[in-house]
């Protein structure tokens with residue numbers, strides 16, 4: 001069952017560490033079945049409850065998974081292995097459409113902004129004991145949320161969207177709880193959930209966002225939380241429309257106890273109106289980062305939600321990092337006030353490339369998805385082969401394995417580095433790499 005690897009230990013923590021060590025060293029491979037608890041307990045001379053506790057620790061850490069009578073096995077991709085590890089940097093001479101970065105030319109310059117913020121700081125530096133949020137940041141953030149119809153609630157600031165989502169999940173859930181996530185969806189989210197000891201439940205996605213029937217099924221199956229992307233969904237470009245929002249609210253009305261988390265990372269780069277689900281459940285959170293519009297390294301996201309959720313997040317944050325640098329908050333305030341980013345212009349720039357590529361692919365008989373944002377999703381029959389053939393043609397694209405659980409195969413192309421002249425040659429290369437067998441749906 002385990003080949004030559006021998007699990008050792010007398011206490012649950014030691015047994016768990018032994019298994020985790022084997023996984024980390026590659027001696028226990030993904031999918032490998034672990035011994036039944038009673039059998040391992042007999043081998044180690046310990047109580048079966050000790051092995052059960054060890055397996056529970058491993059499940060909570062995302063190292064193993066248990067499938068009832070089929071036993072426990074090493075996860076196909078343990079939580080300690082980030083999905084980004086499935087891809088390496090594009091070699092010299094290959095155009096990188098895999099990294100998922102915004103176009104640097106569409107990001108605002110920061111030199112003058114930093115100088116202004118530094119001058120403010122010299123006059124009044126932030127000290128211990130001051131409020132964690134800059135008052136103007138809080139006011140501008142709440143005003144923007146109100147303008148987009150986001151439900152009323154207190155605001156907080158976190159170190160990016162993923163930090164906010166992790167804090168919200170930790171505020172309400174315990175290891176072993178199920179979380180409904182989009183599939184295909186953001187790879188970092190698919191990594192985070194098992195890393196927290198939570199169980200991801202896939203929810204199908206189409207061009208309008210999460211499919212209502214799939215959401216209903218996941219919630220009926222016991223998912224205690226649902227994470228959705230309003231616009232510019234990664235990797236498919238899906239965006240929740242008005243009709244889909246009504247359908248999803250109707251589903252959530254029957255599950256008021258579910259924790260709802262909305263990720264609006266596309267704010268500032270998408271011209272589609274936000275169709276928010278905020279307030280559809282008793283416990284909810286809405287996250288909006290500045291990464292795509294102003295630069296990933298600013299590491300600032302605003303968070304709102306129901307008072308209980310925000311109070312728990314803020315309280316735990318005070319016991320950890322304390323606050324997000326008010327220097328960064330003031331930087332964002334200056335960018336907001338200055339109008340350094342014209343969302344309509346940025347959205348138009350991405351749309352020209354994205355829509356151009358989707359249309360070019362469809363003209364060549366290759367179905368593609370990309371309703372909003374900076375990514376195009378192409379369903380394929382053999383993503384490994386397509387990635388390899390495109391690499392040989394001079395294009396690096398992201399394999400769908402980084403973004404999916406049970407969804408059908410595909411590849412993601414980020415349009416940020418493209419020019420208009422690139423569209424035709426890239427579409428030709430994709431069509432040649434995909435070949436004659438072309439799936440028509442996400443999964």
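Name the shape class, rounded, prolate or oblate, that the alpha-carbon gyration tensor gives for the stretch 360-443, where a ≥ b ≥ c are the square roots of its eigenvalues, rounded holds for a/c under 1.5, and otherwise prolate holds if a/b is larger than b/c and oblate otherwise.
Verdict is rounded for the stretch 360-443.
When the convex hull of the Cα atoms of the chain is projected onto a plane and the area is averaged over all directions, what value comes out in nm²?
23.4 nm²
Give the order of 133, 405, 374 when sorted by the count of other beta carbons within 10 angstrom, beginning with the fewest.
405, 133, 374
At q = 0.13, 0.20, 0.22 Å⁻¹, what is the log10 ratio I(q)/I(0) for the stretch 298-443, with the Debye formula run over Cα points and no solvent?
Per q value, in the given order, log10 I(q)/I(0) is -0.74, -1.09, -1.26.
Using only the alpha-carbon atoms of the stretch 111-338, report the extent along each of the three principal axes, biggest first, to the nearest angstrom.
56, 37, 29
Answer rounded, prolate or oblate for the stretch 96-138, using the Cα gyration tensor with square roots of eigenvalues a ≥ b ≥ c: rounded when a/c is under 1.5, else prolate when a/b is larger than b/c, else oblate.
Prolate shape, in that a/c is at least 1.5 and a/b is the bigger ratio.
Could you tell me the convex hull volume per residue, in Å³, taken over the Cα atoms of the stretch 154-214?
It is 113 Å³ per residue.
In a Gaussian network model over the chain where Cα atoms closer than 10 Å are linked, find which of 208, 182, 345 has the largest mean-square fluctuation.
Among 208, 182, 345, the largest GNM mean-square fluctuation belongs to 345.
Evaluated at 4 °C with a viscosity of 1.567 mPa s, what Stokes-Einstein diffusion coefficient in µm²/s does the stretch 236-382 have when Rh comes from the Kirkwood expression over alpha-carbon pairs?
Values: Rh = 17.7 Å.
The calculation lands on 73 µm²/s.
Viscosity 1.306 mPa s, temperature 10 °C: give me the Stokes-Einstein translational D for the stretch 127-184 in µm²/s, with Rh taken as the Kirkwood radius over C-alpha pairs.
113 µm²/s
When N is the residue count of the stretch 327-400, what does its C-alpha Rg come to as a fraction of 2.2 N^0.38 Å?
Working it through for the stretch 327-400, the quotient is 1.54.
Run the helix sum for the chain: -39,500 (n - 2.57) per DSSP H stretch of 4+ residues, divided by residue count, reported at 222 nm to the nearest 500 deg cm²/dmol.
Taken over the chain, the calculation gives -12500 deg cm²/dmol.
Based only on Cα atoms, what Rg/Rh ratio does the stretch 12-74 have, Rh being taken as Kirkwood's radius?
0.92
Could you line up 299, 402 from fewest to most neighbouring Cβ atoms inside 10 Å?
299, 402
Return 382, 103 ranked ascending by Cβ neighbour count within 10 Å, so the fewest neighbours appear first. Don't skip to the answer; put the middle values down first.
On the way: 382 14, 103 18.
Fewest-to-most Cβ neighbours within 10 Å comes out as 382, 103.
Looking at the stretch 313-365 from every direction and averaging, what is the projected area of its Cα convex hull in nm²?
That works out to 6.7 nm², a quarter of the Cα hull's surface.
What percentage of all Cα-Cα pairs in the stretch 217-262 are separated by more than 12 Å?
It works out to 66 percent of all Cα pairs.
Using a ≥ b ≥ c from the Cα gyration tensor of the stretch 112-241 (square roots of the eigenvalues), is it rounded, prolate or oblate, where a/c under 1.5 gives rounded and otherwise the larger of a/b and b/c decides, a/b for prolate?
The shape class here is prolate.
Readers should treat all values here as calculations from the given coordinates under stated rules, not as data from a laboratory. Keep in mind that what you see is a predicted model, and the values were worked out from it rather than measured. Positions of Cβ are generated from backbone atoms using ideal geometry, with glycine treated the same way; all protein chains shown enter the neighbour counts.
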